Structure formats: C-alpha cells, structure tokens
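Data first, discussion second: the structure below is written as structure tokens.
Read-outs: derived from the displayed coordinates by stated rules, not from any lab. Treat the numbers as computed from the prediction; the structure is a model and nothing was measured. Ideal geometry is used to build each Cβ from the backbone, glycine not excepted, and the neighbour counts take in all protein chains shown.
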Amino acid sequence: MFAGGPREHAGGQRHPRADTAGDRARRLGRVARDDRPADVRDEAERRPDRRARLQGRAARYGREHRRAHRPRAGRGDAGAAGAVLEPTIGRHMAVERKHPLIPAREVDPRQELPGLEQAVLERWRERDVFAESVRTREGAPPWVFYEGPPTANGRPGSHHVLARAFKDIYPRYKTMRGYRVQRKGGWDCHGLPVEIGVEQALGLKSKADIEAYGIERFNAKCRESVFEYLEEWNRLTERIGFWVDLDDAYRTLDETYIESVWWALAQISRKGLLYEGHKVVPYCPRCGTALSSHEVALGYEDVVDPSVYVKVRLLDSDESLLIWTTTPWTLPGNVAIAVGPEIEYARVRYRDETLILAAGLVERVLGDEAEVVGSMSGDDLIDRRYVGPIFKLRGVGQQTYPVIGGTFVTTEDGTGLVHIAPAFGEDDFGAAAAVGLIDRNDAATLLNPVRLDGTYDDGVVGYEGRFVKDPSLTEELISDLDARGLLHKREDYEHSYPHCWRCGTPLIYYAKPSWYIATSKLRERMMAANETVGWHPPHIKHGRFGDWLRGNVDWAISRERYWGTPLPVWRCEAGHTHTIGSFAELERLSGRALDDHHRPFVDDVELPCSHDGCHARMHRVPEVIDVWFDSGAMPFAQHHVPFADAKTGEDLSPAAESFTTDAARFPADFICEALDQTRGWFYSLLAVSTLLFEQAPYRNVVCLGLITDAEGQKMSKSKGNVVEPWQVIDKFGADAFRWYFFTSKQPWDGYRFSEEAIGEGVRLFLKQLWSTYFFYVLYAGANQDVLQAPADALPADLDRWARSRTAAVAELVAERLDAYDATTAGRAIAELVDDLSNWYVRRSRRRFWDGDPAAFQTLRECLINVSKLLAPFCPFIADEIYDNLEGSLASVHLCDFPAGEALTERDEQLEEAMAIARETVRLGLGARAQAKIKIRQPLAEAIVVADGQERAAIERLSEVVREELNVRRVRFVEAADELGEYEAKANYRTLGPLFGKEMPLAAEAIAALDPTRVAAAVRNGEGIGISVGGREHTLTADDVILTMKAPDGYSVEREGAHAVALDLHIDDDLLREGRAREIVHAVQNARKNAGLAVEDRIELWLDGDEALTDAAQAHGDYLAGETLAVSLKAQHAEGAIPYPSRYSEQTEIEGLRLQIALRKHGV
RNA sequence: GGGCGAUUAGCUCAGUCGGUUAGAGCGCUUCUCUGAUAAGGAAGAGGUCCCUGGUUCGAAUCCAGGAUCGCCCA
C-alpha cells in the first residue's frame, strides 16, 4: 500500500520550522569564517548565489517533506527537534531525546558539510571530547604516538593537512580499540630556515651582518618569528580534526627541552662518541657557511666547466702521469695522485712523450695517435713519487709527492688518475688521511691554500687573493699550465654542480673543523634496530632507509650559526674539553645561573678547566647543534627526561632507565611523516635512540608521498598551482579533505591533487551517506510509535544481509587499519554505504513507508555502526550521525570500535546469496534492455538457469529478484538446455600444472567433448576420462568450466554458467497492468504539474483511448491508491471529464491518447 | 652519475599464487527507472597493460635491458 503516514496526517498541525542542525551549523559557519584570513573570506563570499540556491532548495524541500511526513505524535513541542541542539557541558552528557531510538533532531537533506563540521567542533569543545577520549582509557594499555614537530614560521599547506590527517586516523582508531593514546603536540623552533627568514626580513646578508646587528637581538627576532603562524597552525589543526594536545605542546626552544638535549649529548660524549674533526663539507664562500645536504640538494644545476688534462712528471723517469680535473683551482692544494689498485694502466707513447693513464681510456683521451708500449696495475704505481708542487707555493720548494690508492677511482671519465687535494674533496680527504698524509684531528697537517671567503691565501704565488670560482682565474691557471708545458689538453665538461640555493654561488668543497657523533660505529646496531620497525610502504625498510643506514657516516652535529641549542662543549686553551649535561652542572661549575641558555648568554659562561693540573679557563665552543638532533631527542626531551623524573642530584641514569621501561612513553607505536624524512626525522630519531638506549624509537612508520597538482607538477608559489587548505576546507569540508587523502590512493604513492577529485569524493560518498541518514531520520520521525514499540520484529533476509555486510566490513576495516592500510579500509566503507543506500534502502522503501520495525532497527543499527567505522576517517560527519541516532555517549569517538561481540554474527552464506541474487537481477535487467521492454511492463516469468547453491541462494531471495525484474514468477531450470547450449572449456589453473606442455592439446580435447554430457557428468559428480599425449586423466568438476552458448529466439543474458531468460509473451492481463502503471506515472506527473503537494487527495478523471481506460478500470484500486485519488472515473466517452477548468492535461502512452483531469479533493 | 618507486581506458585508480574474454569510478553516447539521493540501473564506445628481449604450455604479473616521470642521493 501507499504510505499510511501522509494520508493519516494530512490534517496535522503546522508548527514553526524547527531549528535544525543545518541552520545552526550555517550560523556557526558564518561566524567562524569571519575569523579567517581575508583571502579565504573572499573566496567564501564569491559564492553567495550558490549557497543561497542550496539553502533555498533545502528549505523548499524540507518544507514539503515535513508536511508530507508529519509525525503521528506531532511535533508541536519543538523539544525533540530544536531545543536539544543546545548541548549540555559535562561528561557523557547525552542529548535528551524522547526515546532512545528516536533521532534527536531533524536533518537537512542539503546539509552543507563545512557548516556542519563547525557545529560538531563546537560540540567537541563543549563536551571536551578529545580529553575525555583519553581520560576514559585511563589504565588501559598505552599506544604511543610521536608528533614530528613542524616549524610554525610558515603557513601550513595542503601537504600538512595530508600529514595531519594520517597522524590523526590511527590514534583515533586505536583509542576506539581500547588503547590510551596520549598525543602531545610539538613545535620545531630552531635552525637555519628560521634564521634565513629573519635575515631576509631584516635585510641581513651575511654572518657579519648578523653579528653587527647583535646576536641577542637577532635571536629574539628568531624566537618571535617561530610562532608567527602558530595561530593559523592551531586553527587549521583543530579545523581538520587532528586531535593533538596543543596546549601542552613541546617546543624545542624551551629551557627544559634544551636541558634534555644537553643531557643526551653529554651521555654520548661520555661514551666517547663525540669528537671534533675535520671534514670536507659543501661550503658557500660568499655566505660563509657550510650547507646541509638538504640545502645542497636544492641547488644542483647543469653547468659546463672547463676540465683539464695535466701531465705530472714521475720522479727519476721520463714518464708523466696524466691527471684530469674539472676544478683547476684545486691544483694548488694537490698533495698526491690516486690510482685504482685494481685498474689496469697503460704506458703510452704519444708524440714525443710517455704518458701513463688507465688502459681503457687511452683511445678516448688520446685518440689513435697513441701507441701503447706497456701496462701495469694500479698497485704497481702506488708509492711511486712525482715532482711538485704543480703550482708554486710560498715557502715550498720543489719536492716529491706520492701516488696512493683510492677505491673511488673509476675509469668512467677522466684518465683513471685522480689528483688529490685533501682540503677540497671528501674522497681526497679520506684517502690522504688513510695513508697518513694528514691527521684528521690536526688542522696544521692539512694543506689548505683557500681562505674562508673563497680566495687564495698568500701562499699561492701569483694568485694571492683571487676568488677561486672566478672564471678568469680558471683561464689564467690553464694558460699557466700550458706555458709550462704541463697541459695536455682542455675540454669543456658538462655536469651537474651544486650552487648555493640562497645566492647562486657555486659551492666549493672545503675542509672545516666540525663536531661529530661517531654514528658509523653504531651502524650495525642501527640496522638491527631498523629490523624491528614496520615500514609502510615496506620497501623503505631495506631500500631507501636501509641503504642510508648501511652507508652511514658520522653525524656532523655542529653548525656555525646562532639560533639553536648551543653545543654544550667547553674547552680550555690547552685543548681540554668538557661536555655539560645539565643546567645544574653548569651552575655548579661556573657559579652562574642563566634564565636563557641560548646564545649569546651562554657564550659568556666560563668554567675552570676540569682536567687535573690544568688551571686554564674553559669557554664554550661557538657552535650550535644541528636542529635534527633537537628533533631526534624528542621522545625524551618533550618530557624533560631525565630531569623531570629525577629525585635529586646529577646522577640521572635511574631516571633515564625508567623512561625506556615506561611503555606509555617509549618507544612510539606509530609515527607518520613525509617520505623526505628518511634522512631527516626518521633517521635522527633512530640515531639518537640507538646512541642512548640501543633500540628503535618507533615500531611503525607511515611514509607519505608528495602532493602535486592535477598535472603531476610540484606545487610551488612561483607556478601558482598551490591549493590552499582553507580553500578546500571552506568549499568541501575537512571530512572530504581527509577522505580524499585516505581513499584516493595509497598515501606513499603521492597525490595528484585537485578540487575536482575532492568534490567527487563528497558526491559519491559523503552525500550518499548523508542522504541515507536523512532518509532514516525522515521516516523515523514519521514513525515514532513504531520505534517505541517493543523490538520483537522479525528481521527479513534483507535485514540480516545488511547487518552481516556491516559486520564483514567492520572486520575488514579493523584488519586493514591494524596494518596501517587506511586506503583499503576506507574503500570498503564506501562500498558498504553504497550497498546500504542503493540496495538495502532501495529494496526496503516500502517497508519504511509501512512502518516495519525491523527495517528501522536494521538501518539504524547499520548507520550507527557505519558512523563508528567511519569515525577515524571522517570524524565530523560520523559524530553527527552517531549523536543524532544514538548519542548515549557524548561522542562517537568515545565508543568502542565495532568488533567482535558488538556486531551481529556474519552470515556468509546470505552475503553470498545476495551477491548471486543481485547478479541475477543484473542479468535480468540486461535481458529486458535487450528486448527493449520497459521495467514498468510486468512480464509473466523469468527463467533462471542456476544449480545447487546458486539456485538455493536465488530461491531464498526470489522475492527480491521478482520485484526488481517486475515479473510474476521466477522459474528455475537446472540445465541450460531450455535456454541454449553449454560449452565446455578447460580450467587452465587446475590443469596447467598437470599437463604442462601438453596443455594446449588438453584444452583442445576438452573443447571437443560433448558439452551436454560433460554438464550431466559434472552434475552427477561423475568423472570424465580424457587422454592427451598418452596420458590418461579423469576430469573433475573443477577441471572444466561450463559456459552457455547464445541461443536464438529468447531474450537471454548469460554469464558463465548463469543465465536469465525472460518470457516475452505479454498477454492482455500483463498488458493492462503495464498500462495501469504507465497511467500512474502519468498521473503523478500531472499532480506535480498541477502544483499539488504530495499528500493532497484528488478527484481524478481519465478519458482517452479505450485500451487505457480499460486498464485504468481494471486496476482502479491500485491506481487510486498510488495517486491518492478519493474518486476515479475512467471512461472512453465524449464529455467524460466534467471539470476541465480545474486541471487537465493530455498525454500519450505507447502512442495512445490519454486525457487526465484532476482537482484537489475537499476544496 | 647512483639508488628507490611509478608507468594499466580520455581522467583517477584496482588487479590475489603467473591461468580462460584485464576491471571499477568519473567523463562520453543511447536507453531506462525515479517523490531519500543534481541519484540509481542497463547497454555501448574507449586498452600496444611504457618499449624490447627472455623464462614458461601460458606473462599486466617473474627476469634482463631500455624509455619516461617522481623522489632521494651525488
């Protein structure tokens, strides 16, 4: 029957439109938007017409429906609908509702999601939900998350939303699984990026400028700038639903944090792993600073440099070594020539000279003029000596230099002979140190004729004070070599060479003293620790990260800068050093207490030398600590460990030990950052943790990929393709933003990011979910007495199916989230929602109209479970649905994740059966389409070919199939005989391994069998013997695949062994019924055209072709019922319509004329 | 120059242990059904699974080489 609701309540009282969640949300949305940056506000205001349109439509729609489906009990007291929207503050304060099963408030079908989210945020604030979600898990097993601290000196971008979305989903999920997940926020405050920002703001260009400006003032500016965008960060963090404790965030500039870092470094120093050494670093002579590897990577450019081949005369010989270099300016620093010990070298007669170079390069370097006259290995050359220096050095007479071995020597280009200048190359430095030419820890042994500003010192005769990267200098050097007969040839060489990303100056590699942590001694231990880590994606473990660990070199942790944790090393004139491990120790030794241990204050603190018998004063070394060490110390420094736990004194080891045994603080169960952190935070955490505690600081790492624009181009301000997060949030909402990141692809693959992509997710998933939820609330509102009735309703198969499907998805989602695979989990939820919306609700519509309690209970339960499953993904919409439908806890985020007992047991047979039934429907609809028979036209019979379990499944659900296909009967046939013929094919998967090379023959043999006989045999469980290549085999049911051949003369859709045929014979009875349905459709249209409300009763007159009026008469009750006609006159006669002036229209059905006239009843 | 990852329909992406005719969503065309759903359903068009070679009865899938893109490193 048509809805009882509207008919009975058509006369119900009007009531003022309730203040819906949507209204409230929109209000809040407007208020909140005003806080936003101007550009965001503008963006919002550019679309007023769209919003107005949506609201107008929503209001119109809502009004119609509220009239149509007015609840039986009436809602004159707006209590249930409106007043409850003021949530009460307090723990577990649930929404008041009439009855636990009745939704608390009405739902706007066109709800604008960003506005809704604002309202949910408000509710979270009022009910203190985040804190509560941690509090309620007090005493529960901890699950530890570490926040990788961003720097708040820039505005947050979309990639930060990505990271924060993933940093949120797993903690939320684990909380719902019963863990206690504390989430301390954090901010990275120190470092060169901060300094550079301030330098630019102040117009400072060099370190000298900074010192002239004053370190104290400079650092004060740095301190301010670090939090320049803190407010926006906080706002974005909250808005996207990243739950993290920002009020108690750690900050790397805090005194407590610095003290923990000092403690860590002192521990490392005590283990003998902190040392000062020389290393060759990329250095910008113009900026006067070494660059970190990250900075270097920013500045590679392809350039053409002149390269030179230089002849160097061996001692006591007429032979010359032919060396090759792309940096002639390093030749004055030459102290040796390296050969590859394994490489074969040739002695070559070339014009009037004898040259030595790698045998494999002779032709390339010398052409065919060269004549090889001998050969030797690299080993043979080692320890021979040559005469130098190549360029005249003040105070250095002619002397000899050695040929040494170097594993880095290759024959890919050059000559296989490498000139060694230890001050200007890492390999050079290492090779020279390895043979004792220099002492790593004694600067005096290093020949370095270049000053810090990149000019030669006075030792380079004739070139004093010249800038080494000056192209004209290079030319002069080359001419000089040529004039002295040392130049074999020059040629241009194209290569990529690093430049300073700030000023564009080519970098030079330059030996400088620097402080190091001997991490290379811990290589094995770090690799072992890495083995305990679950990486997502897994290839990082032994790929990018494992490789990095394997190639580990000592960590250069000092920076000659200003804004950072000061290096706590004090040194006296005699060279004794002492590493301070606490503020108390510093105070005790120096007698001075500091409020701020940053530079410059700490620079002035002097200590007496701690070495026995040395009475010199100690001064702090000038460097600050690499910011990566700050971040690596975060597991303990964020808690001021060990100081916060220590009772008294300076012996802090017990406190440190208790830290590593405290499961609530160490190690982390989960961290998540972008892929570029493999060399950054992922490494610094692991290194510091291995140094101090000899174990990995994290158990699971999720690595996120890069966000690019829709064309795959990197987002950059200069390209103007940056998608601002506020833009997206304002338009689609945070749930949509998050959903896109979670489900569009695996996060480590990177994103091609566009607004369209996010909009698609909203339309296909969030809107669909909302719409299903709206449907439930709408009908629940109109059937409150049904909901309050005792729950003794018998669920239909469809209900059991919906519950089982939900349980199946819940299992999968939990399993996938445990494996850090949000993508598969999210997609499964989307499929579930689609099933609920497009199958469960569609199939159950009539039951909702009729007020079947089982349908209400089922849909409500499924929606609540969906909201719980979805809570970690889309925390806003999930909470809104939960709060309205259930609300016994203050938030869905305080609920347990649906798992185990909380769910209905699965009925996998039913799930399977429904899948088969739906497939049958699909085939049947295909058959209809093929026959071009509209669904409105009923047919007598659908003939289904199905057997065994398939048949049982369809029979169980035959009502569904029957209704969907609009047929009177579903009939089964076992064999395809009535519908066509079988075709037997070989199952390659089972037979392939058996027959191997004979497989094609076997397939042929099976195809040649009589399919009917095969089908019969399979049905009866008999085997069929075949013989292929002399081999006998008995085929089982698994070995053959039976498919149907297309028959003639039927409308059949088939797929595999499954087929549906429709009886196309339409008798008069069916024809009349089909016509009646067409007439209903036409009358419904006429009602709409006449501007009637859905529940209006009509008087109806039909006139027209006799075939139609006959049908209308034959199905009068049906027609009247569907169209709410209190009276119906249908006749084929002139003047049959007495009131043409009310409303009438003429239409055609199947080419037959129909005149419809109607008027509203009771007017 | 080295390492890692990616490459499947116009677009965004799935694709299990190597197995029969490679899928989904969006978009497009046609039809259809609609008073929860700017929705749903059916059909159609659309594919050199980046290329070449190899292994195999059989390769999108495994191996080698190459191309292109991205990231990391030099």
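A compact table of results
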quantity	calculated
Percent of beta bridges antiparallel (DSSP, chain A, rounded to nearest 5)	75
Estimated distance in nm for a label pair at residue A:207 and residue A:983, the labels positioned 7 Å out from Cα along Cα-to-Cβ	8.0
Size of electric dipole in chain A: Cβ of Lys, Arg +1 and of Asp, Glu -1, about Cα centre, debye, nearest 20	3680
For the range A:170-321, diffusion coefficient by Stokes-Einstein and Kirkwood Rh (Cα), 37 °C, 0.692 mPa s, µm²/s	156
Summed residue charge, Cβ within 13 Å of residue A:673's Cβ, Lys/Arg positive, Asp/Glu negative	0
Kirkwood Rh, angstrom, the range A:1073-1133 [1 / mean 1/r, Cα pairs]	11.4
Surface/4 of the Cα convex hull for the range A:485-546, nm²	9.7
Pairs from A:521/A:647; A:205/A:311; A:392/A:469; A:207/A:279; A:221/A:745; A:868/A:1088 whose Cα-Cα separation, in the structure shown, is over 31 Å	A:521/A:647; A:205/A:311; A:221/A:745; A:868/A:1088
nm² value of the averaged projected area, convex hull over the Cα atoms of chain A	63.3
Percentage relative contact order, chain A, counting C-alpha pairs under 8 Å, at least six apart	11
The range A:128-282 - charge dipole about Cα centre, Lys and Arg +1 at Cβ, Asp and Glu -1, debye rounded to 20	720
Semi-axis lengths (Å, descending) of the ellipsoid that matches the C-alpha gyration tensor of the range A:301-387	21, 17, 13
Cα lying deepest toward the dipole's positive end in the range A:441-587, options A:584, A:456, A:446, charges on Cβ	A:584
Top positive-direction residue, dipole computed over the range A:517-668 with Cβ charges, set A:616, A:557, A:543	A:543
Furthest towards positive pole of dipole, A:534, A:935, A:1121, structure part chain A, Cβ charges	A:1121
Partner lysines for residue A:997 [C-alpha distance under 19 Å; skip if fewer than 8 residues away on the same chain]	A:985
Chain A, helix-only ellipticity at 222 nm - DSSP H runs n ≥ 4, -39,500 (n - 2.57), divided by all residues, nearest 500	-12000 deg cm²/dmol
Where labels lie 7 Å past Cα in the beta-carbon direction, separation of residue A:484 and residue A:1009 in nm	9.1
Stokes-Einstein D for the range A:751-815, Kirkwood Rh over Cα pairs, 10 °C, 1.306 mPa s (µm²/s)	105
Within-13-Å neighbourhood charge of residue A:347 [Cβ basis; K, R +1; D, E -1]	-4
Total charge dipole magnitude, the range A:125-191, about the Cα centre, Cβ charges on Lys, Arg, Asp, Glu only, Debye to nearest 20	180
D_trans [Stokes-Einstein, Kirkwood Rh over alpha-carbon pairs] for the range A:791-922, 10 °C, 1.306 mPa s, µm² s⁻¹	104
